[in-house]
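The structure appears below as structure tokens.
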Amino acid sequence: MSDTPVSEMSFEEAMRELEAVVDQLERGDVALDASIALYERGAALKKRCEDELKRAEEKVAAITLDADGNPAGVKPVEGL
Amino acid sequence: MDLIDDPQPGQNAPEFSVSEISGAIKRMIEGEFSHVRIRAEVGRVSRPRSGHIYLDLKDDRAVLAGVMWKGVAAKQVTQPEEGMEVVAVGRLTTFPGQSKYQMVIEEIRPAGMGALMAMLEKRKAQLAAEGLFAPERKKPLPYLPEVIGVVTSPSGAVIRDILHRLRDRFPRKVLIWPVAVQGEKCAPEVARAIAGFNALTPVGALPRPDLLIVARGGGSVEDLWGFNEEAVVRAAAASDIPLISAVGHETDTTLIDYASDKRAPTPTAAAELAVPVRMELLAFTENQGARLSRGITTGLTQRRQRLTDLGRALPKPGTLLDAARQRLDVASDRLPAALDRGVQRRKLRLTELSGSLRPRVLGRMVAGEKDRLTRLSNRLAPALSRAVTQRREAFSQRARLLQPQRLQADLQQKKQDLMRLERRLSQAGHSQTARWKAQLEQAGRLHETLSYKATLERGYAVIRSEGEVLTRKAQAQKATHLEIEFADGRMQVGGKSAPKSKPKPPEQGSLF
């Protein structure tokens, strides 16, 4: 089990950790209190993954450049 | 160079001003070389901010300065580069201010595909030697990027394909950096875009992408040439943000593909490399959640079941003691009786044993033994006399069998046998002697017949000398005397007497 707080994990890390937690819990050789702790961590990881997946919003913007070719801002792009 | 020498005094040639002569030359050159095609190798190239391009065209002996005005340069499919073998089309002109002439290029293109490819290979080898394409430089792509920066043309199918595929898989924030994807501006703009995205800070006004896609649709080698430019390749290699290149079709490979962290065959494929499929991840997460619940539930259920089983197997404390208590009751009930019975049993046994132990019993035993002794001693004397009688009778029987008449008869018989044998021996001796006598006589007669003496009877004689028989006259002549044997005796003949009749020596011998 990694020590990284779940809230700071990337989606990929959370996903891997969730899988490991589930595997461990399913093997059934974990002590009772440890398995409850595992379950709680697994639930947190699952929520983290779900939140990440829910944030799947599309937002497309094009960068506008100034006269020197440096980025000046963005303008929304639609219709693509 | 002054075209006009100092006029010699007396010469009457017209005098030109420098401008005049320069103008004359310019007119002449531009008139004569208003349209030329020149094959050359590109020498030094410079691109000032004005947008014009200045370059040298050269071969192994001469150099020609060239210029490409801004408008013309932007239209060129292939940008000239140092070392490139080109065919340039344009006109010659002079630059009177510096007494120079140059070529104004209208069109420039590589001198055949071979020259272009050779140059590309050379550049690739050079950049590879610098390590820009090394596998260890490749960065892994993020599993799920938050913001994706796309460097491409803002209009056209490419960005549409990418956005569509991203939408299908996992909608993300996309920042498009618009660039020209062909022509002279392509390479510098693309290089600038890559560097520009890298220059964004995570906390800046613009979100910094975690992934870059540099994309362009299919086209000719010349169309894609910008992505072979050194500036683009270097910018891609220098990018800290992982970069996917998707330039042209699958069969087109440009140098940026070697420097990028991942090469996608098409823009759509780049989108697929960029993000995972959201629905799959949702399903995965759901599945993991279900397994998680099932895992904890199963674990708890199993433990509860086990606890129940164990509790059931655990007997009540009372029942544990019941059996023992019962045994105690039974045993304590039996205890006094058992003690009594034990004493009784032993008492009885003592009585039995002590009852039989009395002096009378002993006396009876002694009397019995005494009787036995008497009986046996009474039997002793008769038994002895009976044994003697028995042995005497046996002796008498033997003695009766021992009689002298038998011996005498036997002796008589053997004596008669002996006499008979004597008689037979005597008879046998006589008859044997008589037989031998008869045989001897017969042999003597036979000997007589065979002897020379019978011959003597018939008138023959045997002559001997010195005991030896003489059979030859010579022997007789030599002999000192002869002895003749006749049938009836022997006669001595000759001077010398036989040794037996040797003359007696005189009694009185000579004196000497």
**Asked** B:Pro242 fails exactly one of the following numbered conditions: (1) farther than 19 Å from B:Arg160 by Cβ; (2) within 13 Å of another protein chain (Cβ to nearest Cβ); (3) buried (at least 18 other Cβ atoms within 10 Å of the Cβ). What is the number of that condition?
**Response** (2)
**Prompt:** open to solvent by 40 Å² or more (accessible area, probe 1.4 Å) and more than 10 Å from chain B (Cβ to nearest Cβ) - does that describe any residue in region A:58-66?
**Reply:** yes
**Request:** Output the number of the condition that A:Arg41 fails; it satisfies all remaining conditions of (1) over 26 Å from the mean Cα position of the chain (by Cα); (2) more than 9 Å from every other protein chain (Cβ to nearest Cβ).
**Result:** (1)
**Item:** region B:158-190, subset in contact with a Gly (Cβ under 6 Å, 6 or more places away or on another chain) and within 28 Å of B:Tyr143 (Cβ to Cβ), residue nearest to the other protein chains (Cβ to nearest Cβ)
**Value:** B:Leu175
**Asked** Within region B:333-355, is there a residue that is within 30 Å of A:Ala37 (Cβ to Cβ), open to solvent by 60 Å² or more (accessible area, probe 1.4 Å) and not basic (Lys, Arg)?
**Response** no
**Prompt:** Could we say that B:Ala73 is touching a His at 6+ places or on another chain (Cβ under 9 Å), more than 15 Å from B:His35 (Cβ to Cβ) and among the small types (Gly, Ala, Ser) here?
**Reply:** yes
**Request:** Go through region B:260-280 and give me each residue that's of a type in the set (Gly, Ala, Ser) and in a loop (DSSP other than H, G, I, E, B).
**Result:** B:Ser260, B:Ala264
**Fill in**
Output for Cβ contacts, cut-off 6 Å, separation at least six or different chains, first residue farther than 14 Å from A:Arg48 by Cβ in region B:281-296, second open to solvent by 20 Å² or more (accessible area, probe 1.4 Å) and in a helix (DSSP H, G or I), reads B:Gly295/A:Glu26; B:Ile296/A:Tyr39
**Request:** Give B:Lys70, B:Lys100, B:Lys75, B:Lys138 a once-over and let me know the one that is over 18 Å from B:Glu230 (Cβ atoms), in contact with a Lys or Arg (Cβ under 9 Å, 6 or more places away or on another chain), of a type in the set (D, E, K, R) and open to solvent by 60 Å² or more (accessible area, probe 1.4 Å).
**Result:** B:Lys138
**Complete:** Inside region A:67-80, the number of residues satisfying the requirement of being without any contact (Cβ under 8 Å) to a residue 12 or more places away in the chain and within 8 Å of chain B (Cβ to nearest Cβ) is 4
**Request:** Return the total of residues in region B:242-258 being modelled with pLDDT of 90 or more and out of contact with any strand residue (DSSP E or B) (no Cβ under 8 Å at 6 or more places or on another chain).
**Result:** 2
**Request:** Identify all residues within region B:358-377 that are open to solvent by 100 Å² or more (accessible area, probe 1.4 Å) and in a helix (DSSP H, G or I); write none if there are none.
**Result:** B:Pro359, B:Arg360, B:Leu362, B:Arg364, B:Met365, B:Glu369, B:Lys370, B:Arg372, B:Leu373, B:Arg375
**Request:** Mind listing whichever residues of region A:11-34 are facing chain B (nearest Cβ under 9 Å), open to solvent by less than 70 Å² (accessible area, probe 1.4 Å), among the charged types (D, E, K, R) and within 16 Å of the chain's Cα centre (by Cα)?
**Result:** A:Glu12
**Request:** Go through the residues of region B:90-106 one by one and say whether even a single one is within 55 Å of the chain's Cα centre (by Cα) and free of Cβ contacts under 8 Å to residues at least 60 places away in the same chain.
**Result:** no
**Asked** open to solvent by 30 Å² or more (accessible area, probe 1.4 Å) and over 59 Å from the mean Cα position of the chain (by Cα) - does that describe any residue in region B:159-175?
**Response** yes
**Message:** Can you confirm whether B:Glu82 is under 30 Å from B:Ile256 (Cβ atoms), over 60 Å from the mean Cα position of the chain (by Cα) and open to solvent by 100 Å² or more (accessible area, probe 1.4 Å)?
**Reply:** yes
**Fill in**
Within region B:254-304, residues within 14 Å of another protein chain (Cβ to nearest Cβ), under 30 Å from B:Ala231 (Cβ atoms) and out of contact with any Asp or Glu (no Cβ under 6 Å at 6 or more places or on another chain) come out as B:Ala271, B:Ala274, B:Val275
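The values are calculated or read from the model by the stated rules, or taken from the named source; none is laboratory data. What you see is a predicted model, and the numbers here were worked out from it, not measured in a lab. Cβ sites come from the backbone with ideal geometry, for glycine too, and all protein chains shown count toward neighbours. Protein only, heavy atoms only, side chains kept; ligands, DNA and RNA dropped before computing areas. Shrake-Rupley method; radii C 1.70, N 1.55, O 1.52, S 1.80 Å.
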